[in-house]
Structure formats: C-alpha cells, structure tokens
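The values are calculated or read from the model by the stated rules, or taken from the named source; none is laboratory data. What you see is a predicted model; the values in this text were computed from it and never measured. Every residue, glycine among them, receives a Cβ derived from its backbone with ideal geometry; neighbour counts consider all protein chains shown. Accessible surface areas use protein heavy atoms only, side chains included; no ligands, DNA or RNA. Shrake-Rupley method; radii C 1.70, N 1.55, O 1.52, S 1.80 Å.
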Amino acid sequence: MDDVTGVLTAPPPRFEHDDVVRIAREVFGLDAEVERRFASERDQNFQLVLVGNERKVLKISNAGERADVLDMETRAALHALDADPTLPVARPRPIAADPDVYVGVVDGREPGVAHMVRLFDHVDGRGSTEGMDLDLDALWDYGVMVGRLSAAMRGFFHPAAGRVLLWNVGHCLELRPMTPDIEDDGRRALVRRVFDRFESHVLPVWPRLRAQVIHGDLTLDNALVNERGRIVGIVDFGDMAHAAVLADPVSALDSTLSVRRDDELFAAAHALVDGFESRVPLEAEERALIGDVLTARLALTVTISAWRVRRYPENADYIQGWDRAAWSMLEQFDELGFDETAARLGARPPRPATAELIARRDRVFGTALSPLTYSEPLDLVRGDGVWLEDVTGRRFLDAYNNVPVAGHAHPRVSGAIARQSRLLNTNLRYLHPSAIELAERLVASMPTGSALDTVLFVNAGSEATDLAWRLAVAATGNAGGLVTAHAYHGVTTIATALSPEEWRGGWTPGFVAPFAPPDAYRGDGDDPGTTTASVEAAIARLAELGCTPAALFLDPLFTSDGILVPPTESVRALCERVREAGGLVVADEVQAGYGRTGTHLWSFAALGMEPDLVCLGKPMGNGHPIAAVIARREHVERLGETAEFFSTFGGNPVAAEAGLAVLDVIRDRRLIERAATVGARLRAGLESLASTHAPVGDVRGAGLLLGVDLVRDRDSREPDAALAEHVLDGMRDRGVLIGSTGPAGNVLKVRPPLVISVEEADVIVRTLDETLAALI
C-alpha cells in the first residue's frame, strides 16, 4: 500500500512566508509577496502578488510526492490547454533557469527532506463551494466542463499514469481492509455490500470500458467557481491516473450532489451527466454503470475518511468534510436498492415479462392497431445485420423486414444519426448541406434522360403517397385514383383510400378504382392487352363516379398483390393508357426500391417504367423516419401556385444524414449486386422445394423480394392461407422470420436485408424445407 498511501503519510512541508518569498525569487526569478495561504492537508499553497499586482500561485508539495507524477500533472495541464485553449486550467510556469522545466526542488526545514515546488497562473474564483449552492443550470455547465476536460485529455499519455491511487474507483476493492475503521456497524455493512456489488456487477466489465488518463477528481475542492456557480478555474491535477472515462463524471457527482434527496437528487445527477454527455457521449454500458460506480465512489470516500481519521484525529474536521453528503446519498441508494438506483441514474430498467408487455400494449394501443405478428409474439431487444435477438438471447434470421435495407443497426447509418443529432437538428427553412446533397444524389440516381429533377422530403411513405396525390391533382386538375386490386400505399386518409388491402367492412372510397394486376400465375399477365383492358375498365368505373384519373399508383413489384413480376410490355401498356386518360404515373418504391431487385437502385427502372412521380420511404433511412417524393419541376411548381409545401421534420439534418449513409452503404457494399447473386441462390433454393413439397405452387419475384405461392392443389391453384399462417409460425419457431402477402394471404414474403450472405440464404431455404416437412 506504500504507493497508495505514501503521500498521505509523509510529512507535509512547513515553510514560512519569508521562505516562500525566497523560493519565488531563487527558483522562478520573481519578486513577490505572499498575499494568502490556501488550506491544504498534505501540501502548502500560497497566493503571491508580483509587481504590477499580477498574481501567481506557488505550490510546495508533500515530501512523499514523486517527481514523475508531478511532471505528469504539469504536462497534462499544458496538454489540456493546447487541446482546448479556453479551458480555465491554471497554467504551469517554468523555473527561471530552464524554460522546459516546470518543477524546482528546495530543501525542507527537516534535515535530509526535500520538497518539489511549482508555479501556476492565478485564476479568479471562489473555492470551498457547497454542492447545494449549484442549481440545475450550474450543474449542467459543471458537467460540460468535466466533459471538455475529459475530451482535451483524450490524446494525453504519461508513464506515471499507471500509478495506483486510493481515489481511483477502479481500485476500490483494495479498500476492504480499511472498512473496520468505520465505527458504525450498519454503515460498515452498507459499505461492504457496495464493494460486493462492485465486484459482481462492475468489475467483470470494467476492463472493456473506455479508459484514458483522466483528471480523476474535478470536485468542488479542485474547482473555482464564479458567483453563478460556473467553473472558472481548474486548479489541481493531483489525482490523475489512467482509468475509466466514466470515473470523471462520477467524481463530480460525488462532490456536487451534496445532501439532496429523492427526485431533487436524481434531477441534479442527470443535469450534470447530461452536460458531460454534451461533450463526451457515454456508451450504453457506461451509462448503465453510473449508479454502481457512483455508489462505489461514495463508499470509497467514507472508507478513506474513516481510515484517515483513525490515524489523524486532530485533522478530523477537514478529513470528514464530505462525509455527511456521502452518507446521505449512500443511505438513500441503499434504501432504493442497487437496481432501482442504477435505473434512476441511467441504466435501463429490467425488461418487463413478455406477457405483461402484451397486456399493456392491448390497454394503451386499442384494437385498431395491426395485431402482433406470429401466434407467439416476438419480444426483441437488438439487431445486427440480418439477425434479431429476443429477451432470452435467442437469435432470429430476419427475412421479412425491408426497412433495414443495409442491415439492422448498421454502424455507418446509426453513427451518422448519432453524430448529427449531437450537433444540430432543424428544418429546411434553414440551410444545411445534408438534405441538399441527398436530394441531388436522389435526382442523379434517376434513369438517364429522366425529367425527375425535384425532391420534396417528408417523414414516411404514407406522407409521400399523400404528397404525390396532391401533386397529381394539382398538375392534372383531375380527382380519380387508380390502384391494383390489393395494393398498399400507406395509412393517411388519402393513402388508405389508395390501399385496397386496408379497406374493411365493405367500405370503398368514391374516387378510387382498383383493377386486377397482371398475374402470370393465376391470370393472363403476359398479355399487355389483358392488362390494358383491366385498367380500361377501372377508368370507366371512375367515369361512373364522376372522376377522371389524376394518378395511377403502382408498386412495380406488386408486393401486396402477391409479388408479381409482369413483362415490361404489360407495365408500359398500363402506364400509357393512364396517361392517355389524363393521369400521372406514380412509382411507389417504398417496398421494392433501394436495390432490392438486384438490377437497379429503383424497381421501376428494372421494369422499364418512366414515372412522373416516385415515392420513397421505409428503407430510405434504414429505420430512421425519412421519405421523399421525386417529381418533375413543372408539377411541383403547379402545386406551388395554390399552396406552400413544408414539413417540419421532412429532410431534417439527422434524417438526411441517415439517407446519405444508406446510399453510401448500398454503393460501398455493392448491395445491388449482392441482391442479384444472393437472390438468385435463394430463389433457386426455394424453387427446388417444389419437387418435394406439393403446396409450393409458384416461386416468383426479383432479387431479394421473393414470393412462394402456397396452394391446396397445383392444378386448381387454390390459395392455402391457413398453411401459410402455420408456415410463418413454424419458421419463427425454428429461428427464421418471414411474412405473407397477396389477396388471400397465402404468398410467403421473403425479403431479407440486402446484406444477407449466401450461407444465411441457405438457412432460409433449409428452414422452410424443415417447416413444410413438419406440416404436410
């Protein structure tokens, strides 16, 4: 324990004012007078007044101090000032004899004892502040200052930083031999429980927390504040060591929370931590440990205090200066319990049981909300690539969601969101390059020669549908909508009207006419004439309703209609007929876009469509809400003649950064090419199942949007929706998630994130094979 306790047990310096004046002159070349002495238990600190009323602080160190440690403190202060020149760190000054040396040595009053001496610029401000004097704003700013200093120290290293210190909370278990010095039995037991908790819950993860050389003790003892409680001086680096970054804000909490209680205490803690995080964001594991590390720091404080008072009873008042506040917090936290304390200080509370969540969901969301997927609902906690993990730790291959096109929790996308959200999030009434760049890249992604040159941002695909409808109505002056018979285009009032999949109870909107999509499996989808006749009949129905077409809304892969891939001639004929009737063509890329076809970024391009408007949504932000309409300038200007368009959150900087990151990942990971190669492998595997499983009537789709049409009988092609439902549950039970689609709900929908590998595609095929074998 010599390295730990040496400074506390070595004799302190005992210089008089005349000695200080001589040291200032001989070591630092200054003519000065002593203005005051600052209180210190182990050192001597003097405020000097120079000619011209300039002030300096002379620090004479305890004889037990190590030269390399004082050099580290000096170099750290200089490094911090270089990294952040506006930090209020007291600047060290060199000795007179050598501008590169900052520590002098003087003989002590005792024979054979020498002391090291340093000089610092004086910083105005008051010390010995009480934590209760700091309001929430001051605590936020206190946290900001701790964070700034932590950030400034990031690149600093010194060999002496590996020293072992009593105050380094990472070494708190070494204080267990000191606990007998705590006189009260109950309090001694409390401290031992805290150390046991640290050993079981913190110590196992401590080595993987971020670590660097930290200040270690930016408490109210080592900070000067102004009349508003803001730090204006950082005056002591004496407890530096290489330690977890988390230890810095925790040491500030230990000092500033004082004797606050209950909600006031936790509000104060969050104010300081939030301020710290505005400069140094905490990682999830660090935030989860704030409660346990703070509690350990408090236990460390009272344990060292008891140990020192037992040895230096004459100095008890000074030593026990922080005990009252520390015991107040410790006893409150003990009453709450470790888990509740951790939760109130930032850790995620224990996740409720799945059954409880289901019941609560039913109570607060009501029956209009779409029901949970699968007969045994999933209770998921995290995702990674194509994999999801539930509360039990079980992993599921996600072959259902088209939203995370770049994979769940992709680091480039989530990182872009986090970085921008820490900087700024506003709206498009202010200039910001991200939305402009995203719009430019989207326009550039349109097929060569396209007239689609203008982008309007919104928040979701439904809003994109709604806006596209407004543009079409304004451009054409018409009021009729054309959609396929089981289409889905969103949830707003207009989007629902354009989504026959959502119509219930015999309700049909009075301005929309659905028509049969080109279906090569159950109809005559290869014949453009049949398709034209179908839409012709829909146009006639609009006429009966007193409407002419404003727009045709088309998902180019007809996802909700059962994942149909008709010949390009049929789709072109369909679009041409709508234009002849006076309507615009809207390509809805929300389900089929962003490279999913394996040939183009946009599915309409794969089918040779030339739309007037394009709707984007779901995969655009990989899970972050962002959507857009890409239009011709003339159509946007027509809308602008009668109405101004603005979306508060549409195209905000955070969403735009997400959108840019998704495009970058698709480009850099060559996800379109992957969709083609892995999609071909997946399709071939699914098609092979037809030879062993009679219900597999048809396999169709493009790239990584595939449908498996399950039938009762291949000759009649009668849909088997019940089997499809059982297959979904069976595959879920085996760890693979897929969906279903189509008018009868019998088409298995397989659309994994585009980052899926060949091996993972094989897992889908193998699991479907096993599931069908178990059901048939």
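So which of GLU536, GLU544 ends up being charged (D, E, K, R), open to solvent by 40 Å² or more (accessible area, probe 1.4 Å) and without any contact (Cβ under 8 Å) to a residue 12 or more places away in the chain? First the steps, then the outcome.
Values: GLU536 fails: without any contact (Cβ under 8 Å) to a residue 12 or more places away in the chain.
Checking each option against the conditions leaves just GLU544.
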For this session: Residues that are crowded, with 23+ Cβ neighbours inside 10 Å: find the helices (runs of 4 or more DSSP H) completely inside region 287-346 holding 3 or more of those.
Result: 323-336
Exercise. Are any of the residues in region 569-577 among the hydroxyl-bearing types (Ser, Thr, Tyr) and either without any contact (Cβ under 8 Å) to a residue 60 or more places away in the chain or in contact with a strand residue (DSSP E or B) (Cβ under 6 Å, 6 or more places away or on another chain) (or both)?
Worked result: yes
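Considering only residues that are assigned to a loop (DSSP other than H, G, I, E, B) and surrounded by 14 or more Cβ atoms within 10 Å (Cβ to Cβ), look in region 113-139 and name the one that is farthest from the chain's Cα centre (by Cα).
Applying the filter and picking the extreme gives HIS122.
Going through region 445-469 one residue at a time, which ones are aromatic (Phe, Trp, Tyr) and part of a helix (DSSP H, G or I)? Please lay out each step first, then the result.
Applying the first criterion (aromatic (Phe, Trp, Tyr)) to region 445-469 yields 457, 469.
If the condition is that a residue be aromatic (Phe, Trp, Tyr) and part of a helix (DSSP H, G or I), then TRP469 is the only one that fits.
Does at least one position in region 481-490 carry a residue that is open to solvent by less than 40 Å² (accessible area, probe 1.4 Å) and under 30 Å from the mean Cα position of the chain (by Cα)? So that I can check it myself, show each step before the final result.
Of region 481-490, the ones open to solvent by less than 40 Å² (accessible area, probe 1.4 Å) are 481-484, 486-487, 489-490.
Pick out the ones that are also under 30 Å from the mean Cα position of the chain (by Cα) and you get 489-490.
Within region 481-490, one or more residues are open to solvent by less than 40 Å² (accessible area, probe 1.4 Å) and under 30 Å from the mean Cα position of the chain (by Cα).
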Problem set entry | Cβ-Cβ under 9 Å pairs, at least 6 apart or on other chains, region 647-673 side free of Cβ contacts under 8 Å to residues at least 12 places away in the same chain, far side in a helix (DSSP H, G or I) | ASP668/ARG412
Problem set entry | Test: residue in region 384-406 that is of a type in the set (S, T, N, Q) and in contact with a helix residue (DSSP H, G or I) (Cβ under 9 Å, 6 or more places away or on another chain) | yes
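Just to be sure, is VAL708 within 19 Å of THR559 (Cα to Cα) and either within 40 Å of the chain's Cα centre (by Cα) or open to solvent by 60 Å² or more (accessible area, probe 1.4 Å) (or both)? First the steps, then the outcome.
Values: within 19 Å of THR559 (Cα to Cα): yes; either within 40 Å of the chain's Cα centre (by Cα) or open to solvent by 60 Å² or more (accessible area, probe 1.4 Å) (or both): yes.
Yes; evaluated as a whole, the condition is true for this residue.
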Seminar exercise, completed: Taking region 79-112 and keeping only residues that are open to solvent by 20 Å² or more (accessible area, probe 1.4 Å) and more than 26 Å from GLU33 (Cα to Cα), one is left with HIS79, ASP82, ALA83, ASP84, PRO85, THR86, PRO111, GLY112
Exercise. LEU557: closer than 21 Å to ASP709 by Cα, touching an Asp or Glu at 6+ places or on another chain (Cβ under 9 Å) and in contact (Cβ under 8 Å) with a residue 60 or more places away in the chain, yes or no?
Worked result: no
Exercise. Could you say whether any residue in region 538-556 is of a type outside the set (A, V, I, L, M, F, W, C), part of a helix (DSSP H, G or I) and in contact with a helix residue (DSSP H, G or I) (Cβ under 6 Å, 6 or more places away or on another chain)?
Worked result: no
Seminar exercise, completed: Of the residues in region 25-46 that are assigned to a strand (DSSP E or B) and closer than 16 Å to PRO92 by Cβ, the one that is most open to solvent (accessible area, probe 1.4 Å) is ASN45
Problem set entry | Evaluation of SER255 against (1) open to solvent by 10 Å² or more (accessible area, probe 1.4 Å); (2) outside any strand (DSSP E or B); (3) not hydrophobic (A, V, I, L, M, F, W, C) (one fails), failing number | (1)
For this session: Please verify whether region 494-517 includes one or more residues that are at pLDDT below 95 and crowded, with 24+ Cβ neighbours inside 10 Å.
Result: yes
For this session: Residue by residue through region 385-433, note down the ones that are free of Cβ contacts under 8 Å to residues at least 12 places away in the same chain and aliphatic (A, V, I, L, M).
Result: LEU431
Exercise. Do you know which residues across region 682-702 are part of a helix (DSSP H, G or I), surrounded by 16 or more Cβ atoms within 10 Å (Cβ to Cβ) and not aliphatic (A, V, I, L, M)?
Worked result: ARG683, GLY685, GLU687
Exercise. So which pairs qualify, if the first residue must be in region 760-775 and at pLDDT 95 or above, the second must be in a helix (DSSP H, G or I) and of a type in the set (S, T, N, Q), the Cβ gap must be under 8 Å, and the two must be at least 6 apart or on different chains?
Worked result: VAL765/SER688
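Go through region 182-196 and give me each residue that's aliphatic (A, V, I, L, M) and closer than 14 Å to GLU331 by Cα. Outline the logic, then answer.
From region 182-196, those aliphatic (A, V, I, L, M) are 182, 189-191, 194; that's our starting set.
Listed by number, the residues that qualify are ALA189, LEU190, VAL191, VAL194.
Which residue out of GLU463, GLU440 is at pLDDT 95 or above and surrounded by fewer than 18 Cβ atoms within 10 Å (Cβ to Cβ)?
Details: GLU463 fails: surrounded by fewer than 18 Cβ atoms within 10 Å (Cβ to Cβ).
Answer to the selection: GLU440.
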Exercise. Can you tell me which residues in region 1-24 are at pLDDT below 60 and either acidic (Asp, Glu) or in a helix (DSSP H, G or I) (or both)?
Worked result: ASP2, ASP3, VAL4, THR5, GLY6, VAL7, LEU8
Exercise. Just to be sure, is ALA655 out of contact with any Phe, Trp or Tyr (no Cβ under 8 Å at 6 or more places or on another chain), small (Gly, Ala, Ser) and under 26 Å from PHE604 (Cα atoms)?
Worked result: no
Exercise. In region 356-399, which residue that is β-branched (Val, Ile, Thr) and under 24 Å from ARG734 (Cα atoms) is most open to solvent (accessible area, probe 1.4 Å)?
Worked result: THR392
Exercise. Is there a residue in region 485-497 that is in contact (Cβ under 8 Å) with a residue 60 or more places away in the chain and among the hydrophobic types (A, V, I, L, M, F, W, C)?
Worked result: yes
Problem set entry | Scope region 729-768; condition outside any loop (DSSP other than H, G, I, E, B) and surrounded by fewer than 17 Cβ atoms within 10 Å (Cβ to Cβ); matching residues | ASP729, ASP733, VAL758, GLU759, ASP762, ARG766
